[in-house]
Amino acid sequence: MAAEQQSVAIAITGASGAVYATRTLAALLERGVHVELIVSDYGRRLLRDELGETAAVERLRPYLAERYAVPASAGTFTLHSNRDLGATLASGSHGCSAMAIVPCSMKTLAAVAHGLSRNLIERAADVMLKERRRLVIVPRETPMSLPQLRNMVLCAEAGAMILPAMPAFYQQPQTLDDLADFMAGKILSALGFEHKLYPEWTGKVESR
Ligand SMILES: Cc1cc2nc3c(=O)[nH]c(=O)nc-3n(C[C@H](O)[C@H](O)[C@H](O)COP(=O)(O)O)c2cc1C
């Protein structure tokens, strides 16, 4: 997918793993993508709890610039209110090509599975499914209940990709950033972007 002029929706909800969201955002911006960002109330809390006050939603752009050296000339993002069901993302006529919910709480997963559309994250996800566009759901919970497992099946049956927050260890990660890079790379691939966020599998574990 060519990155220029594209708009991709990223939703951050209140599941653990805020770093997966910030790494994904930085990688999309580095590619010149326009990101339409929606953050739930608990997503806002998780950003601050896990990454600190400098990663609060209102300071996210400078945070990404400093943390990941995203140049000011890179892509842009629009922050939408999760309460605004009249936002562009709420309509299938808006040309947003893909959406990732990263990380995705079990609550939002349940809402998407059942088409509730009570807030903009849920509605935008519903739009992606009805328009047959890419919807990538990055759930995080452990262990999982039967209803949670069933909700993932429902979303997958409706056309979403379930991409659990499960970084691999065969790449011999040395840092938390290596784990976040792996997940962000998987998400970018699922959204249709090329990247070099983790080394390609060569058929054997490379010793460091
Ligand atoms: C620190 C913290 C960590 C949480 N981690 C998870 C999690 O990993 N997975 C999950 O499904 N919910 C988790 N929750 C609970 C959700 O945030 C809660 O269910 C919330 O209502 C989700 O709402 P949202 O989907 O609108 O963001 C966590 C809450 C807090 C405060």
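The values are calculated or read from the model by the stated rules, or taken from the named source; none is laboratory data. Nothing here was measured: the structure is a model prediction, and the numbers come from that model. Ideal geometry is used to build each Cβ from the backbone, glycine not excepted, and the neighbour counts take in all protein chains shown. For the accessible areas, the whole protein counts, side chains as well, though only heavy atoms, and no ligand, DNA or RNA atoms are used. Shrake-Rupley method; radii C 1.70, N 1.55, O 1.52, S 1.80 Å.
Values as computed for the structure displayed
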| quantity | calculated |
| --- | --- |
| DSSP-loop chymotrypsin sites (Phe, Trp or Tyr not before Pro) across region 135-186, with at most 12 other Cβ within 10 angstrom | 169, 170 |
| Computed over region 1-87, the ratio Rg/Rh where both radii use C-alpha atoms and Rh is Kirkwood | 0.95 |
| For the chain: Kirkwood Rh in Å [reciprocal of mean 1/r, alpha carbons] | 17.1 |
| Solvent-accessible area, 1.4 Å probe, carbon plus sulfur percent, for region 144-190 | 63 |
| Built amide H within the under 5 Å cut-off of residue 104, gap 5+ | 138, 140 |
| Per-peptide average of other Cβ atoms within 10 Å, ordering 24-32, 127-135, 6-14 highest first | 6-14, 24-32, 127-135 |
| Calculated P(r) of region 52-168 - Cα pairs past 24 Å, % | 35 |
| Helical mean residue ellipticity (222 nm; -39500 (n - 2.57) per DSSP H run of 4+; nearest 500) of the chain | -12000 deg cm²/dmol |
